[in-house]
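Novice: Would you mind keeping the following structure in view while I ask a few things?
The values are calculated or read from the model by the stated rules, or taken from the named source; none is laboratory data. Predicted model only: the values in this text are computed from it and were never measured. Cβ coordinates were reconstructed from backbone atoms using ideal geometry, including for glycine residues, and neighbour counts include every protein chain displayed.
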Amino acid sequence: MKFRPRNLNALAELVVGNRGTVNPGPGEEPPYFLYRSSSYITEFFQELDLDFVHDGSTRHRWVADRLAELLAEPHDGPTHPPEIFCRLIDLLMDPADALNESNERTNALAQLNEVLNRERFEAFYGEDRHCYIRHLGTGLATIPPASPHRPLNQAEVERRHRLAAYLDSCSEDELIEEVLLPLFRQLGYHRITAAGHKDKALEYGKDIWMRYTLPTQHVLYFGIQAKKGKIDAAGQTKTGSANVAEVHNQALMMLAHDIFDPETNRRVLVDHAFIVAGGTITKAARNWLGNALDASKRSQIMFMDRDDILNLYVVTNLPLPETVQPKAINPWASSSDKPPF
């Protein structure tokens with residue numbers, strides 16, 4: 001990835017704190033970024049675990065050269081800057097370094113975006129107060145992957161329970177359109193297409209199909225069979241649940257029927273199938289599915305249940321669906337979670 005020289009120099013000016021007037025007159029702006037001398041520039045890069053040491057040359061030009069090196073690091077395509085560059089932006093926009101403004105850093109963010117917008121990117125603060133970058137063309141945000149199995153903080157636990165309440169009341173189409181589509185887009189899948197439930201004539205077991213591009217530029221195709229409620233292995237399935245045998249047959253249909261990719265102008269088969277449940281997938285259903293799959297299909301069919309959806313949605317810092325009401329909920333009200341005491 002390359003930035004134009006003038007944009008690299010402008011970004012370097014922000015890193016070293018050259019922009020702004022210490023004692024501003026009429027019509028002049030104060031500095032919104034910390035001034036960094038030679039030793040502080042070296043310290044800034046050391047915080048990123050980089051061994052760059054300023055050599056005493058012109059500060060902003062030296063930093064611009066280092067920024068060009070960071071942008072040349074491996075990355076996931078033209079819409080995703082290298083991770084180390086994203087970490088540099090996050091460090092540069094640390095709310096604790098606010099200068100001549102509140103820790104919201106509105107003016108600093110505007111100056112940064114004045115530079116990034118010329119390269120079709122935009123910086124923004126997430127709910128965790130870290131600064132991220134998104135591509136203006138696709139809207140994809142470059143957020144470092146977070147483990148869905150890590151401990152959640154209090155705010156994340158509350159968001160998780162609000163989303164769980166939404167999953168209890170939403171329809172299957174709302175589960176797909178308001179939760180699954182934004183989630184998989186954020187996880188890096190693209191060309192995501194929902195079949196919908198108004199016309200099932202060409203669905204063939206697929207609620208969603210999508211692509212994922214590997215770092216080698218090979219493309220894998222995924223299909224999703226989504227169920228709003230619980231998936232069980234009962235002989236007589238109750239209302240609101242789905243039988244795993246039926247879902248298994250739909251997944252096999254998905255793998256056997258090709259799809260048309262308009263970007264490549266050819267028909268392709270789905271490589272992997274996700275079985276996604278807005279409720280739980282019972283242990284008996286998982287065991288039945290594991291026994292039913294032969295060695296060739298076992299790696300092609302994967303499943304996610306409610307806990308997987310909730311944890312992934314929260315740690316990727318996605319906004320909740322608009323219909324979720326921001327009301328106070330006891331974060332330990334669910335029987336599946338225990339208080340930390």
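Novice: Given the criteria closer than 30 Å to D308 by Cβ, touching a Ser or Thr at 6+ places or on another chain (Cβ under 9 Å) and not β-branched (V, I, T), does C131 qualify?
Specialist: Criteria not met by C131.
Novice: Looking at the stretch 124-131, can you tell me whether even one residue there is loosely packed, with under 14 Cβ neighbours inside 10 Å, among the acidic types (D, E), free of Cβ contacts under 8 Å to residues at least 12 places away in the same chain and out of contact with any strand residue (DSSP E or B) (no Cβ under 9 Å at 6 or more places or on another chain)?
Specialist: Within the stretch 124-131, none of the residues are loosely packed, with under 14 Cβ neighbours inside 10 Å, among the acidic types (D, E), free of Cβ contacts under 8 Å to residues at least 12 places away in the same chain and out of contact with any strand residue (DSSP E or B) (no Cβ under 9 Å at 6 or more places or on another chain).
Novice: Can you confirm whether the stretch 16-35 contains a residue that is within 28 Å of the chain's Cα centre (by Cα), surrounded by fewer than 12 Cβ atoms within 10 Å (Cβ to Cβ) and on the phi > 0 side of the Ramachandran plot?
Specialist: Looking for residues that are within 28 Å of the chain's Cα centre (by Cα), surrounded by fewer than 12 Cβ atoms within 10 Å (Cβ to Cβ) and on the phi > 0 side of the Ramachandran plot, one finds none in the stretch 16-35, hence no.
Novice: Could you run through the stretch 210-240 and say how many residues are closer than 21 Å to D173 by Cα and outside any loop (DSSP other than H, G, I, E, B)?
Specialist: 11
Novice: Condition first: buried (at least 16 other Cβ atoms within 10 Å of the Cβ) and either among the acidic types (D, E) or not assigned by TED's automatic domain parsing to the domain that holds Y35 (or both). Now tell me which residues in the stretch 95-117 satisfy that.
Specialist: none
Novice: In this structure, does G56 turn out to be within 30 Å of L320 (Cβ to Cβ) and assigned by TED's automatic domain parsing to the domain that holds V22?
Specialist: So G56 fails the test.
Novice: Then there is this: Considering only residues that are surrounded by fewer than 17 Cβ atoms within 10 Å (Cβ to Cβ), over 20 Å from the mean Cα position of the chain (by Cα) and either of a type in the set (D, E) or under 16 Å from P319 (Cβ atoms) (or both), which ones fall in the stretch 166-179?
Specialist: D168, E172, D173
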